[in-house]
1. So, of the residues in the range 114-126 that are surrounded by fewer than 20 Cβ atoms within 10 Å (Cβ to Cβ) and touching a residue at least 24 places away in the same chain (Cβ under 8 Å), which turns out to be farthest from residue 81 (Cα to Cα)?
2. Filter the range 328-351 for residues that are surrounded by 13 or more Cβ atoms within 10 Å (Cβ to Cβ) and free of Cβ contacts under 8 Å to residues at least 12 places away in the same chain; which is nearest to residue 210 (Cα to Cα)?
3. With 58, 24, 29 as the choices, which residue is crowded, with 20+ Cβ neighbours inside 10 Å, modelled with pLDDT of 95 or more and outside the structural domain of residue 252 (by TED's automatic domain parsing)?
4. Being modelled with pLDDT under 95, under 23 Å from residue 250 (Cα atoms) and buried (at least 19 other Cβ atoms within 10 Å of the Cβ): is that true of residue 94 here?
5. Would you please list the contacts, defined by Cβ atoms under 6 Å and residues six or more apart or on different chains, that run from a residue in the range 285-306 that is over 12 Å from residue 338 (Cβ atoms) and outside the structural domain of residue 269 (by TED's automatic domain parsing) to a residue that is modelled with pLDDT of 95 or more and assigned to a helix (DSSP H, G or I)?
6. Counting residues that are closer than 12 Å to residue 139 by Cβ, which helices (runs of 4 or more DSSP H) fully inside the range 1-111 reach at least 2?
7. Report, by residue number, each residue of the range 139-165 that is under 17 Å from residue 283 (Cα atoms) and touching a residue at least 40 places away in the same chain (Cβ under 8 Å).
C-alpha cells in the first residue's frame, strides 16, 4: 500500500492576485473586528502600510499599530507584543510582512488567548498546552518565502538565543491571507533569492523520503521545485516580471500548505539543524538552509543508498551529475551561500559541532524520512562538512 491514511484540511482563505493587497482593509472588514492588532517590521516601513491604515480609518475600523517585529523573533518579544494586544482589547491580529512577521502574529494570537506566567515559550517548548484556541489571524504577505500564510506553524527562538523551535497549533492557521505578487517587485535581489531558497528547502524536506508509491506527492514536489529553479533567476534579473513573482508566491504557498507531505514520510532534518545555527548566529533562515543542504545531500549520497534514486532526479533538475553539486551551483548562481562557513562568516571546532548537534536534536537520535536513525554523531558530521 502506498499512501497512509491522512486527514487534510486547508481552511485558510487565500486571496491571490496582483492588486489584491489594495483591498486588504475591505477584507479585514469582512471579519468584523472591533479592534485590530497590526503587526509589521520595526526597521523599515512597507509602502502598502499607509494605504492600509488610511483605508481602515475610512472604514472606521479601530486598530493599534505594533511596528517592532524583527527577524528571528524571540520569546520575550512575543510576550511584550501580546501585552499590547491584550491591553488594547484587540480581537484580530493582522500581520503585514514576511516570515518573521507571520511567526510573530501567530504567536501573539495564541498567547493572547492563553496567558500564563511562562509566556509564549511555555507552549513552544511543550511545557504547557494552549487549550483556549487563538485570536483570528489575517495576513498580507509581502514575499514568496515561508509559506506559513496557509498553515498551523510558527517558529520562535528562546530568550537565551540557544533554541529555535517550531510550534504547531491548529488555531494559528490564518483565517485569511492576502497574497499579492506585486508586493514583492521592490524587494532587493538578495531577499528574492532568500525567499526562493526557503521555498526550495520546504519542498526538499517533503521530497527526501523513502516511501514508495506516492507519485502524486513526489511529482508535485518536483513540479514546484522546477518552477522555483526556473523563475528565481528571472525574478532577480527582472524584478517587475509578474509571471516570475506569481509563480514563486504560489510555489511558496503550496510548499507549506501541507498538501505535499500528507500520507507519507517527511524529513525536516535540515530545518532542525539550521534552527540551531540561526538561533546562535541570528542569520537569515534561508541562508542557513542553503548553507546546510549541500552537506546533507552529500551525506545522504555517501550513507543512504535508499536516497540515490531521488538524488539522481534532483541532480537532473539542477542540470548536474550530482545533487550536492547541482544544489550548490544553483544557490551560488543566485548569490547565496552554499556552506555554513559562508553563511555565518566563521568556522567551527569539534566542541561547537557537538553543541549545535545537541541543540538541533533536543530529543536525541531519531528516525528521519524513513531512511533510518539519524544520530547526534551524524548531525555533528553534517555540521562539520557544512563548516568546512
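1. Taking the candidates together, the pick is 125.
2. Filtering the range 328-351 for residues that are surrounded by 13 or more Cβ atoms within 10 Å (Cβ to Cβ) and free of Cβ contacts under 8 Å to residues at least 12 places away in the same chain, the one nearest to residue 210 (Cα to Cα) comes out as 329.
3. Values: 58 fails: crowded, with 20+ Cβ neighbours inside 10 Å; 29 fails: crowded, with 20+ Cβ neighbours inside 10 Å.
After applying the criteria, what remains is 24.
4. Numbers: modelled with pLDDT under 95: no; under 23 Å from residue 250 (Cα atoms): yes; buried (at least 19 other Cβ atoms within 10 Å of the Cβ): yes.
The answer is no for residue 94.
5. Close Cβ pairs satisfying both conditions: none exist.
6. Numbers: elements: 24-29, 47-58, 75-87.
Helices (runs of 4 or more DSSP H) meeting the threshold: 24-29.
7. Taking the range 139-165 as the starting set, the residues that turn out to be under 17 Å from residue 283 (Cα atoms) are 145-146, 155-165.
145, 146, 155, 156, 157, 158, 159, 161, 162, 163, 164, 165 - these are the residues of the range 139-165 that are under 17 Å from residue 283 (Cα atoms) and touching a residue at least 40 places away in the same chain (Cβ under 8 Å).
So that you can scan it fast, the table gives a plain yes or no per residue for (1) closer than 22 Å to residue 18 by Cα; (2) under 27 Å from the mean Cα position of the chain (by Cα):
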{"site": "36", "(1), (2)": "no, yes"}
{"site": "58", "(1), (2)": "no, no"}
{"site": "66", "(1), (2)": "no, yes"}
{"site": "73", "(1), (2)": "no, yes"}
{"site": "76", "(1), (2)": "no, yes"}
{"site": "88", "(1), (2)": "no, no"}
{"site": "91", "(1), (2)": "no, yes"}
{"site": "94", "(1), (2)": "yes, yes"}
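The values are calculated or read from the model by the stated rules, or taken from the named source; none is laboratory data. If you're wondering where the values come from, they're calculated on a predicted model, not measured in any experiment. As a convention, Cβ positions derive from the backbone with ideal geometry for all residues, glycine included, and neighbour counts pool all protein chains shown.
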